[in-house]
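Single-structure report; data block below.
The values are calculated or read from the model by the stated rules, or taken from the named source; none is laboratory data. Just so we're clear, the structure is a prediction, and the values are computed from it rather than from any experiment. Note that we place each Cβ from the backbone using ideal geometry, even for glycine, and neighbour counts take in every protein chain shown. Protein only, heavy atoms only, side chains kept; ligands, DNA and RNA dropped before computing areas. Shrake-Rupley method; radii C 1.70, N 1.55, O 1.52, S 1.80 Å.
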Amino acid sequence: MSDPVRARVVTLSDFNLATLNGLMANDPGEPPVDVVSTDFGQVQPLLLDADAACWRDRPAGAVVWVRPEAAAPAFGALRRFEPVPGDAISGEVDGFADMLIAAADRVGSLFVPTWTLPLSERGLGFLDLTLESGVRGTLARMNLQLAGRLSGHPTIHLLDASRWLRAAGAGATSAKLWYMAKVPFTNAVFEMAVQEIKAALRGIGGRARKLIVVDLDDTLWGGVVGDEGWESLRLGGHDAVGEAYADFQRALRDLTNRGIVLGIVSKNTEEVALEAIRENPEMVLGLDDFAGWRINWNDKARNIADLTAELNLGLDSVVFIDDSAFERGRVREALPEVLVPDWPGDPLLYRERLTSLDCFDAPSLSEEDRARAGMYAAERRRDAARGEVGSADAWLASLGLEVQVEDLDRANLARAAQLLNKTNQMNLRTRRMTETELSEWAASPRRRVLAFRVADRFGDSGLTGLASIEVENGRAELCDFVMSCRVMGRGVERAIVSAVVEAARQLGASSLAATHIPTARNEPCLRFFEGSGFVPGSDEGSFTRDPLDPYEVPEHIALHRGVGEGSG
């Protein structure tokens with residue numbers, strides 16, 4: 001296994017951040033971080049100076065953590081109960097937001113903890129949220145205003161620092177630390193900040209977990225279904241334990257709305273377990289909520305590996321949840337890429353433990369993410385149809401495949417960037433770009449970025465393909481060719497190439513070139529281009545084609561070209 005890529009992170013603050021810097025640099029969790037510290041009290045000058053040394057070589061991230069009175073001095077006056085016009089504070093918040101927005105172009109991601117006050121500070125007491133001059137009420141409005149100003153900038157992430165203080169409780173702040181070292185928070189707060197920043201870096205780097213594999217007996221429900229029967233399981237009803245299991249299932253279902261996929265690996269007799277899922281009226285989750293399962297008496301580590309491969313995911317996408325410490329230990333040892341969280345022995349704590357995990361944090365949430373569970377259910381129906389149809393060609397013809405081509409725009413930008421950054425197998429060059437970078441790159445009249453949506457009679461797979469070309473001196477270069485593994489093997493690849501060839505012709509290109517840059521995972525893309533009808537070049541992984549020679553769309557696919565894509 002290759003060493004993880006180190007992330008360089010700049011920290012800026014109006015207080016002493018040495019504790020945060022040390023914890024972040026020494027934390028064993030991924031990604032490893034090299035901290036670029038700056039002198040505290042220099043936040044505004046550094047945000048305004050694009051040539052400052054801390055911004056060299058475009059760091060992966062920057063943490064800008066300031067006290068509210070440092071960003072908005074008028075709030076400091078309000079905190080002293082002096083009369084302050086409301087527009088004074090609002091104007092200073094806008095000014096601070098402007099500096100953050102300007103600095104965001106210099107780093108991969110900008111992390112801004114929200115403004116907080118010590119939990120012990122009462123402000124105006126019971127009037128603090130009622131009066132316009134209330135300290136906490138004003139601070140809440142400041143944070144909301146900042147969130148609103150930053151919401152249109154996908155590389156700036158506002159972190160909820162108030163949650164860190166609440167979790168640390170009365171010991172979150174220390175007057176002694178402040179007077180002695182200008183440190184406003186205790187280690188507990190900084191430790192939680194480090195975990196959240198690292199979770200964000202993992203998510204932005206495409207390392208968010210995508211698949212939860214759960215056990216059944218005493219994990220998804222109480223009891224052993226093979227011994228007790230599904231009628232006797234503890235699930236739902238007027239029973240604290242049964243209610244907790246049902247609530248745990250609801251939390252799992254909630255995660256599918258974030259694009260997390262569910263799977264089952266259980267030592268059970270399959271038909272007995274599936275009957276419980278189908279027949280027990282207290283089940284919150286149904287079979288269509290699961291992308292797949294391995295229910296047998298085989299080794300769970302082997303079953304997890306097989307299920308993950310079936311779903312075209314990597315083991316580093318998996319979280320395994322099991323009530324058995326033995327099974328958790330076995331999977332940790334056999335499959336170190338799989339995340340196996342410690343699990344409470346009390347089912348009343350299951351939901352709380354699940355919702356505390358930060359491994360699912362991702363930088364965006366698209367409609368395709370929300371629909372992912374349904375897409376896997378549709379895939380199972382496709383597989384069932386494959387078994388009912390004689391030949392592969394007949395099966396493909398029965399699907400009613402439709403591919404919609406559209407230009408990159410504001411509506412599809414977030415999903416397009418997500419696809420570009422997360423796809424590994426069918427990815428020509430494995431180029432990674434943020435939403436802003438992709439949008440700016442596509443703005444040139446010499447470039448074209450196409451997005452592809454795929455649907456068939458079983459369901460809509462959403463935006464699952466992306467291709468981009470750049471034309472210079474009559475030569476078109478295929479800069480990106482990306483397709484989700486969910487639609488591999490159905491001829492969609494050729495439909496995408498057909499649209500790319502047409503786009504190159506429309507841009508006046510006399511040749512179209514593609515270069516495969518190999519990674520540990522993108523060999524399937526090379527195999528496709530080797531059999532795609534492109535002519536291999538003299539350099540390994542290079543291919544060319546004449547865009548004046550039309551590229552036929554497979555007969556079983558209806559390709560719908562959007563505005564500007566020609567007709568067909």
Pop out the carbon and sulfur fraction of the accessible area of the stretch 411-451 as a percent, whole number, probe 1.4 Å. 50 percent
Could you derive backbone 3J(HN,Hα) for the stretch 285-296 from the dihedral phi with the Karplus parameters 6.51, -1.76 and 1.60 (θ = phi - 60°), listing whole Hz in sequence and x where the residue is Gly or Pro? 8, x, 4, 6, 7, 10, 6, x, 7, 10, 10, 7
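Order PHE481, PHE126 by their accessible area, 1.4 angstrom probe, all chains in place, largest first.
These residues rank, largest area first, as PHE126, PHE481.
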With every protein chain left in place, what is the accessible area of SER37 in Å² (1.4 Å probe, nearest 10)? 80 Å²
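Can you tell me how the chain classifies by the Cα gyration tensor, rounded, prolate or oblate, using a/c under 1.5 as the rounded cut?
It is oblate, given that a/c is not under 1.5 and a/b is not larger than b/c.
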Using alpha-carbon pairs under 8 Å, 6+ residues apart, how would you state the relative contact order of the stretch 335-435 in percent? 18 percent
For LEU559, what residues show an amide H to amide H distance below 5 Å, using hydrogens built from the backbone and excluding near sequence neighbours? VAL403
For the stretch 453-550, dividing by residue count, accessible area per residue (probe 1.4 Å) in Å² works out to 40 Å²
First compute the accessible area of the stretch 249-313 with a 1.4 Å probe, then give the percent of it belonging to carbon and sulfur atoms. 40 percent
Pop out the ³J(HN,Hα) list for the stretch 399-405 in order, Karplus 6.51 cos²θ - 1.76 cosθ + 1.60 with θ = phi - 60°, rounded to Hz; leave Gly and Pro as x. 6, x, 5, 10, 10, 9, 9
Size of electric dipole in the chain: Cβ of Lys, Arg +1 and of Asp, Glu -1, about Cα centre, debye, nearest 20: 1080 debye
Under 5 Å, built H, 5+ apart or other chain: amide partners of VAL36: VAL9, VAL10, THR11
Expressed in square angstrom to the nearest 10, the accessible area of VAL284 with a 1.4 Å probe stands at 30 Å²
Taking the stretch 460-502 as the region of interest, what is the percent of Cα-Cα pairs per 10 angstrom bin, listed from the shortest bin to the one with the maximum distance? 25, 52, 19, 5
Divide the volume of the convex hull of the Cα atoms of the stretch 91-246 by its number of residues and quote the answer in cubic angstrom per residue. 207 Å³
Applying 1/(1 + (r/R0)^6) with R0 = 56 Å to the Cβ-Cβ distance of LEU131 and ASP227, what FRET efficiency is obtained, to the nearest 0.05? 0.35
Given the C-alpha atoms of the stretch 290-341, compute the convex hull and give its volume per residue in Å³. 79 Å³
Amide H proximity to SER542 below 5 Å, modelled H, separation 5+ or other chain, gives HIS516, GLY537
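Given a 1.4 angstrom probe, what's the average accessible area per residue across the stretch 184-243, in square angstrom?
The answer is 37 Å² per residue.
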Report Rg (one decimal) and Dmax (nearest whole number) for the stretch 333-404, counting Cα atoms only, units Å. 19.5, 52
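Strictly greater than 19 Å: what percent of every Cα pair in the stretch 117-194 meets that?
Result for the distance tail: 51 percent.
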Extension gain, ASP239 back to ARG380 (0.36 nm per residue minus Cα-Cα distance, nm): 47.3 nm
Taking θ = phi - 60°, what integer Hz values does the Karplus form 6.51 cos²θ - 1.76 cosθ + 1.60 yield along the stretch 434-450, in sequence order, with x for Gly and Pro? 6, 4, 4, 5, 5, 4, 5, 5, 6, 5, 5, x, 7, 10, 9, 10, 10
Average accessible area per residue (Å²) across the stretch 30-122 - probe 1.4 Å, nucleic acids and ligands excluded: 44 Å²
For SER356 and ALA397, extending 7 Å from Cα along the Cα-Cβ vector and measuring point to point gives, in nm, a value of 5.8 nm
Carbon and sulfur: what percent of the stretch 1-110's accessible surface (1.4 Å probe)? 52 percent
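Relative to the present Cα-Cα distance, how much length would full extension add between GLU472 and ASP160 at 0.36 nm per residue of separation?
On the way: separation 312, 0.36 × 312 = 112.32 nm, distance 4.62 nm.
Length gained between GLU472 and ASP160: 107.7 nm.
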Extension gain, LEU48 back to ASP34 (0.36 nm per residue minus Cα-Cα distance, nm): 2.7 nm
So if we plug the beta-carbon distance of ASN16 and LEU124 into 1/(1 + (r/R0)^6) with R0 = 35 Å, what FRET efficiency do we get, rounded to 0.05? 0.75
Give me the distance in nm between label points sitting 7 Å out from Cα along the Cα-to-Cβ direction at HIS153 and GLU337, one decimal. 3.6 nm
Just grab the label-to-label distance for ALA25 and ALA188, each label 7 Å out from Cα along the Cβ direction, in nm (one decimal). 2.7 nm
Along the charge dipole of the chain, pointing to its positive end and built from +1/-1 on Cβ of Lys, Arg, Asp and Glu, which listed residue (LEU419, TRP221, VAL331) has its Cα farthest out? LEU419
